[in-house]
Amino acid sequence: MRIWLSIVVVLVSFPSWTRAIAPPNIVLLFGDDLGRYASVYRDPAKPSPNDIINTPNMDRIAREGTLFWNAFVSAPSCTPSRAALISGRHFFRNGSHSQLHSPWQKGTTPDPWETITGFPLRLKAAGYHIGWSYKMHISEDRMGGPGRNYRKAGSRFNNFSENVSAAKDKKIEKVKLLEEVRKNASHFLADRKPDQPFFYWFNPTNTHRTWEKGSGKAIWGLNPDALQGKLPRFLPDEPEIREDVADYLGEVLAFDAAVGVVLDELKAQDLLDNTLVVVSGDNGIPGFTRGKTNLYDFGTQVPLLMRLPGTITKGSIVRQPVSLVDLAPTFLELAGLKPLDDMNGQNLLPLAKPPSPLDKPAGRGFVITGRETHFPTARGQNLPYPSRAIRTGEFLYIINFKADRLPMGDPKSLGKGPLPSNKDLEFQTGLGYADLDAGPFKAWLIKHKNDPAYGQYLDWAVGKRPEDELYSISEDPDQLINLANRSSHQSIRRELRTKLMGVLQANDDPRLKDAFDKPPYLVITPGQGK
């Protein structure tokens, strides 16, 4: 009798012994247009803009978890990138959400996107509290509906540099904006049931253009001249360009500060060490040559950092290429759920642990990227610029299916006549080359478009490209020397083309039938003809 009483006392005193351990929470800190920028990505062998910034909060996640050195988006444009992340599928498999702003000629053709559940709703069905703050840019029903956007404290953080620059006391304004971040996250956490696991997606847009000119130095003390010799070779190393990059890096520092606020809030509520914290972004730096909307590393490579004590090895580094389509199966398996059979992604958790001598190599060793339409009106008849690429650890191979088209769109009014004012050049995307976001860099580029000294920079930015492109990552990190036609590289070109085409065929890529060039993927407007 005494033995049974003792057992009862123990069970009452320690109720956690009698129930299953709660599944981990998941927090995704996701910068809009956040390229691979954090001080943890500094490379002594390659000077870069990372050399002039310090991001203690992102660095902490890498130090206490795993740093993925080569992470890539499925498409370097926000809607298709985010849809691919949620679905765990290559961007071209997501119907209306394969392109920016989800163009779809409605009619008799079913939209493949309507059949996709995605990982957030799977988590919700399993009992998770799900929600987000700020931008979503895909149909919100995939996150449970608009009521799950937690931003009662406001959305002023999205215009960080503009708001801080306009304030009389910049320090106080920075504190206010970061407090907004904390309150929004706290409201999300307070809205869940006791001990309910959660998925929270933090989506600020401050790293998306536009940002305040000169704010990198004024707000964060970043000296643009410190970037001399640290820009990629396809960007002119000129004062205006360095200032524009420095201003973008200032927004990266603001994002890092927000990361710190969310970490502090999780810790304050005793949730941090049972939460998978992930940092990433939806595409590369916007409004610069070969950045956002391009399949070069400058446009597709993003940060990827993960922290979860006891599950992810502290201080580990993964150098093989991984894709953000891998996040969906990773999150589902972490929550004890089976990934859907139609997902292209792979669980990243095995990569976050050092393999034992008997382990087989984990991961696929390559990623697939691509693009179709960014701004529908960039080219005549709303035509896309279709490209697909395969990125291994050693090479990047790109197929431009319609090499006769201009990759950044038609010049329109910029191709003739006098130039508009500087303000129009900086902020009116519709003037021309619409797939290159407007801003000071684009204004500088267009102002110098007839200067022979800068002709190469204009061609790198907006000129036509060959059908095949092949680049050596180690020998040509800026990816400027096309090896596709060199006899010495024909075997690797054929191998990568065969592998890439095999993936596209196995996944019924609509591009292989030119489906993106016509309805329902392409929206025909009145007066365009058939």
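The values are calculated or read from the model by the stated rules, or taken from the named source; none is laboratory data. Quick caveat: nothing in here was measured; it's all calculated off a predicted structure. Cβ: placed from backbone, ideal geometry, glycine included. Neighbour counts: every protein chain shown.
Would you call D141 exposed (fewer than 15 other Cβ atoms within 10 Å of the Cβ) and in contact with a Leu (Cβ under 9 Å, 6 or more places away or on another chain)? Spelling it out, D141 is indeed exposed (fewer than 15 other Cβ atoms within 10 Å of the Cβ) and in contact with a Leu (Cβ under 9 Å, 6 or more places away or on another chain). Could you say whether any residue in region 296-314 is of a type in the set (A, V, I, L, M, F, W, C), modelled with pLDDT under 95 and either out of contact with any His (no Cβ under 8 Å at 6 or more places or on another chain) or under 27 Å from P194 (Cα atoms) (or both)? Within region 296-314, one or more residues are of a type in the set (A, V, I, L, M, F, W, C), modelled with pLDDT under 95 and either out of contact with any His (no Cβ under 8 Å at 6 or more places or on another chain) or under 27 Å from P194 (Cα atoms) (or both).
Return yes or no: is D225 among the charged types (D, E, K, R), touching a residue at least 12 places away in the same chain (Cβ under 8 Å), surrounded by fewer than 20 Cβ atoms within 10 Å (Cβ to Cβ) and farther than 22 Å from L445 by Cα? No; evaluated as a whole, the condition is false for this residue. Looking at region 459-482 only, could you name the residues that are hydrophobic (A, V, I, L, M, F, W, C) and surrounded by fewer than 16 Cβ atoms within 10 Å (Cβ to Cβ)? Within region 459-482, L480, I481 qualify.
Rundown of residues vs (1) outside the structural domain of Q301 (by TED's automatic domain parsing); (2) surrounded by fewer than 17 Cβ atoms within 10 Å (Cβ to Cβ); (3) in contact with a helix residue (DSSP H, G or I) (Cβ under 6 Å, 6 or more places away or on another chain); (4) at pLDDT 95 or above, yes/no style:
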residue: G409; (1), (2), (3), (4): yes, no, yes, no
residue: G432; (1), (2), (3), (4): yes, no, yes, no
residue: A484; (1), (2), (3), (4): yes, no, yes, yes
residue: S488; (1), (2), (3), (4): yes, yes, no, yes
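Run down G118, G88 and say which single residue is modelled with pLDDT under 95, crowded, with 19+ Cβ neighbours inside 10 Å and on the phi > 0 side of the Ramachandran plot.
Working: G88 fails: modelled with pLDDT under 95.
It is G118.
Within region 317-329, the set of residues being in contact with a helix residue (DSSP H, G or I) (Cβ under 6 Å, 6 or more places away or on another chain) and closer than 22 Å to L272 by Cα comprises L327, A328. Do we have V278 as touching a residue at least 12 places away in the same chain (Cβ under 8 Å), assigned to a strand (DSSP E or B) and in the same structural domain as G310 (by TED's automatic domain parsing) here? Considered against the rule, which asks whether it is touching a residue at least 12 places away in the same chain (Cβ under 8 Å), assigned to a strand (DSSP E or B) and in the same structural domain as G310 (by TED's automatic domain parsing), V278 comes out as yes. Here T377 meets each of (1) in the same structural domain as K412 (by TED's automatic domain parsing); (2) modelled with pLDDT of 95 or more with one exception, condition (2).
The number of residues in region 362-407 being surrounded by fewer than 18 Cβ atoms within 10 Å (Cβ to Cβ), among the small types (G, A, S) and in contact (Cβ under 8 Å) with a residue 40 or more places away in the chain comes to 4. For region 467-479, the set of residues classified as in contact with a strand residue (DSSP E or B) (Cβ under 8 Å, 6 or more places away or on another chain), closer than 16 Å to F298 by Cβ and part of a loop (DSSP other than H, G, I, E, B) consists of I473, P477, Q479, listed by residue number. Looking only at residues of region 154-185 that are surrounded by fewer than 18 Cβ atoms within 10 Å (Cβ to Cβ) and among the hydroxyl-bearing types (S, T, Y), we find that the one that is farthest from the chain's Cα centre (by Cα) is S165.
When region 286-315 is filtered for residues that are touching a Phe, Trp or Tyr at 6+ places or on another chain (Cβ under 6 Å) and part of a loop (DSSP other than H, G, I, E, B), the ones remaining, listed by number, are G287, F288, T289, R290, G291, L304. Here A126 passes the criteria (1) under 30 Å from L334 (Cβ atoms); (2) touching a residue at least 60 places away in the same chain (Cβ under 8 Å); (3) crowded, with 16+ Cβ neighbours inside 10 Å; (4) not basic (K, R) except the one numbered (3). There is at least one residue in region 145-158 that is of a type in the set (S, T, Y) and at pLDDT 90 or above. Quick check on region 285-311: of everything there that is of a type in the set (S, T, Y) and buried (at least 24 other Cβ atoms within 10 Å of the Cβ), which residue is farthest from the chain's Cα centre (by Cα)? So, considering only residues that are of a type in the set (S, T, Y) and buried (at least 24 other Cβ atoms within 10 Å of the Cβ), the one farthest from the chain's Cα centre (by Cα) is T289.
Scanning region 485-525 for residues that are over 30 Å from T108 (Cα atoms) and without any contact (Cβ under 8 Å) to a residue 60 or more places away in the chain gives N485, R486, S487, S488, H489, Q490, S491, R494, E495, T498.
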